[in-house]
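Reviewing the structure listed below.
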Amino acid sequence: MKKKQVPDMVTVNRKAKFDYVLGDELTVGMVLTGPEVRAIRDHHVQLKGSYVTIREGELWLYGLTLGAETAQNIKLLATRRQITELEREKVAGSTIVPVRLLGGSRHIKLVIAVGRGKKKYDKRETIKKRDIERGRYT
């Protein structure tokens, strides 16, 4: 009997949680070449500054940093229904944000979320809550 492997987290976009109010998450596949897979498995990847957009009915990840190379454009794999739902959210004013990169198993997956940008006062509130949880203010 095979055990279902829980995918390891390769990297997290910590800035996404700070800059956006995140909604529903969706796990999608990625179309990668051999060197790109090797860079991700070796944890030479950064999601900071990357974004997801819909072009010609397909999901694309822009600005992924892999090793020394920057601005990789990678096609994402999702069903037609998922893409139309994301397109509907995007038209309503939301942004598609890459949140986490999973790669512990055989497949490398990207977790994306629909988010709305925070205002400056929302970010200040987030900082205040985080400081209170750390015990800085009593």
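Can you find even one residue in the range 115-130 that is buried (at least 19 other Cβ atoms within 10 Å of the Cβ) and of a type outside the set (Ser, Thr, Tyr)?
yes
When only residues in the range 54-83 that are hydroxyl-bearing (Ser, Thr, Tyr) and exposed (fewer than 13 other Cβ atoms within 10 Å of the Cβ) count, which is nearest to GLU36 (Cα to Cα)?
Looking at the filtered set, the residue picked out is THR70.
Out of the residues in the range 40-53 that are farther than 24 Å from ARG88 by Cβ and surrounded by fewer than 17 Cβ atoms within 10 Å (Cβ to Cβ), which is farthest from the chain's Cα centre (by Cα)?
ASP42
Determine whether the range 118-138 contains at least one residue that is within 18 Å of VAL10 (Cα to Cα) and under 19 Å from the mean Cα position of the chain (by Cα).
No - not one qualifying residue is present in the range 118-138.
Quick one: which strands (runs of 3 or more DSSP E) lie wholly within the range 1-120 and hold at least 1 residues that are out of contact with any strand residue (DSSP E or B) (no Cβ under 9 Å at 6 or more places or on another chain)?
Per the criteria, 51-55, 69-77.
Could you please tell me which pairs satisfy a Cβ distance under 7 Å, a separation of 6+ or placement on different chains, a first residue in the range 24-42 that is free of Cβ contacts under 8 Å to residues at least 60 places away in the same chain, and a second residue that is of a type in the set (Val, Ile, Thr) and assigned to a strand (DSSP E or B)?
VAL31/ILE74; ALA39/VAL45
Computed from the coordinates by the stated procedures, all read-outs in this text should not be read as laboratory data. From a predicted model like this one, the values you see are computed outputs, not experimental measurements. Virtual Cβ from ideal backbone geometry, glycine too; neighbours counted across all protein chains shown.
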